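A.B. asks: Below: one structure in structure tokens.
The values are calculated or read from the model by the stated rules, or taken from the named source; none is laboratory data. In this text the structure is predicted, and so the values were computed from the model without any measurement. Cβ placement follows ideal geometry from the backbone for every residue including glycine, while neighbour counts extend to all protein chains displayed. The protein model used for the area step is the full one, side chains on, heavy atoms only, and it has no ligands, DNA or RNA in it. Shrake-Rupley method; radii C 1.70, N 1.55, O 1.52, S 1.80 Å.
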Amino acid sequence: MLEYDGTKYRGWQEQLNARSVMGDLRRAAEEVFGAEVELQGSGRTDAGVHAAGQVAHLRVRTRVSRPTALLEAELNERLPADIAVLEMAEADNRFHARHDAITRSYVYQISTRKSAFSKKYVWWVKEPLNVELMAEAAAKLGGRHDFRCFRALDPSKPDESTVVVVEKAEVERQDHLVLFRIEASHFLWRMVRRLAGVLVRLGRGQMTMADFDRLLRGESDAKLDVAAWTAPAAGLFLEEVRYREVAVEKRKKS
């Protein structure tokens, strides 16, 4: 498991001519093992998006056996300051960080005041917000819905279904922060940021709950320009990835 500040990266996924979290992790791992590695994360995070609990698996053919605590320390020594391996453990060879995941949780952080220390990790919304109305709307996200109005077209997945089952979603206030949390089996490209943007627009009084309900039914028009309301990447964190109990047990036993 690892955490990272995504500010300086073009996202998790490796790309040509662009710095990525996965690319930096791969380089560090290949230095540690002295061999090519297979690397896969639980999911992609976009440019500027952070992670507090990303999970990745790493496979390598090597004759050298070292304690995982030592490997973890060696990886962290080689990784830049904005990427940190939090936990490393041996796993069953069949474990797959993405395919075995059953849900992923994101949190979006909205600040109601200027912050000198967390500018890179929040969206500062200057207008007053009706947090209770935002929480009421977020509660409606639970269950099976067609999120076609909240996605950006992903060229790599042209035939992707826009139906997503949301396990839970909520909005809560913590001091000057308004936190939007959502958990689902998977997410469409930019879905969470667009949901956050729409919730803020609702909280500002710039749209009605009836408008929100229409979007949740997959209905849109020129007035409901969700793409233009996409929340900034800075406030978004991949918070947790959950796995089937059997997969977790395999990791612990191996």
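A.B. asks: Take the Cα radius of gyration of region 98-254 and divide it by 2.2 N^0.38 Å, with N its residue count; two decimals is plenty.
C.D. replies: So region 98-254 has a normalised radius of gyration of 1.09.
A.B. asks: While we're here: A 28 angstrom limit on the alpha carbon distance is what I want to check against. Which of LYS8/LYS126; LYS114/LYS140; LYS8/LYS168; LYS119/LYS157; LYS126/LYS223 exceed it?
C.D. replies: LYS114/LYS140; LYS8/LYS168; LYS119/LYS157
A.B. asks: Tell me, in nm to one decimal, what length is gained between GLN174 and LYS114 on full extension, where the rule is 0.36 nm per residue of separation less the Cα-Cα distance?
C.D. replies: Value of the extension gain: 20.1 nm.
A.B. asks: What distance in nm separates the simple spin-label points at THR162 and ALA73, each placed 7 Å from Cα in the Cβ direction?
C.D. replies: Rounded to a tenth, the inter-label distance reads 5.2 nm.
A.B. asks: Quick one: work out the % antiparallel among DSSP beta bridges in region 1-155, nearest 5. Don't skip to the end; give the middle numbers.
C.D. replies: Numbers: 11 of 13 bridges.
Bridges in region 1-155 are about 85 percent antiparallel.
A.B. asks: For region 57-106, what does the accessible surface come to per residue with a 1.4 Å probe? Please give it in Å².
C.D. replies: Numbers: 3160 Å² over 50 residues.
Accessible surface, normalised per residue, equals 63 Å².
A.B. asks: Under 10 Å, Cα contacts only: if you run a Gaussian network model on the chain, which one of LYS168, LYS223, LYS114 comes out with the highest mean-square fluctuation?
C.D. replies: Checking each option, the largest mean-square fluctuation is seen for LYS223.
A.B. asks: Ok, one more. Helix 68-78: angle to the longest alpha-carbon principal axis of the chain, degrees 0 to 90, nearest 10?
C.D. replies: For helix 68-78, the angle is close to 70 degrees.
A.B. asks: Roughly how big is region 130-254's charge dipole about its Cα centre, with Cβ charges of +1 (Lys, Arg) and -1 (Asp, Glu), in debye to the nearest 20?
C.D. replies: 400
A.B. asks: Over region 78-137, what percent of the accessible surface lies on carbon and sulfur atoms, probe 1.4 Å?
C.D. replies: 51
A.B. asks: So which aspartates and glutamates can LYS120 reach, going by Cα to Cα under 14 Å and dropping same-chain residues fewer than 8 places off?
C.D. replies: Once the sequence-local aspartates and glutamates are set aside, what remains near LYS120 is ASP5, ASP82.
A.B. asks: For the chain, set up a GNM with springs between Cα atoms under 10 Å and report which of TYR243, TYR121, TYR108 has the largest fluctuation.
C.D. replies: Fluctuation is largest for TYR243.
A.B. asks: Looking at region 95-197, send over the antiparallel percent of its DSSP beta bridges, to the nearest 5. Mind showing how you got there, number by number?
C.D. replies: Working: 20 of 22 bridges.
Taking every DSSP beta bridge with both residues in region 95-197, the antiparallel ones total about 90 percent.
A.B. asks: Hey, can you grab everything whose amide H is under 5 Å from the amide H of ALA97? Only 5+ residues off in sequence or another chain; H modelled, so Pro and N-termini drop out.
C.D. replies: Here the answer is HIS57, since their amide H atoms fall under 5 Å of that of ALA97.
A.B. asks: Which of PRO67, PRO80, PRO158 moves most in a GNM of the chain, Cα contacts under 10 Å?
C.D. replies: PRO158
A.B. asks: Given Cα pairs under 8 Å that are at least 6 residues apart, what percent is the relative contact order of the chain?
C.D. replies: About 24 percent, as a whole number.
A.B. asks: About its Cα centre, how strong a charge dipole does the chain have in debye, to the nearest 20, once Lys and Arg get +1 and Asp and Glu get -1 at the Cβ?
C.D. replies: Charge dipole of the chain: 240 debye, to the nearest 20.
A.B. asks: For region 126-208, what is the accessible area per residue in Å² when the probe is 1.4 Å?
C.D. replies: That works out to 49 Å² per residue.
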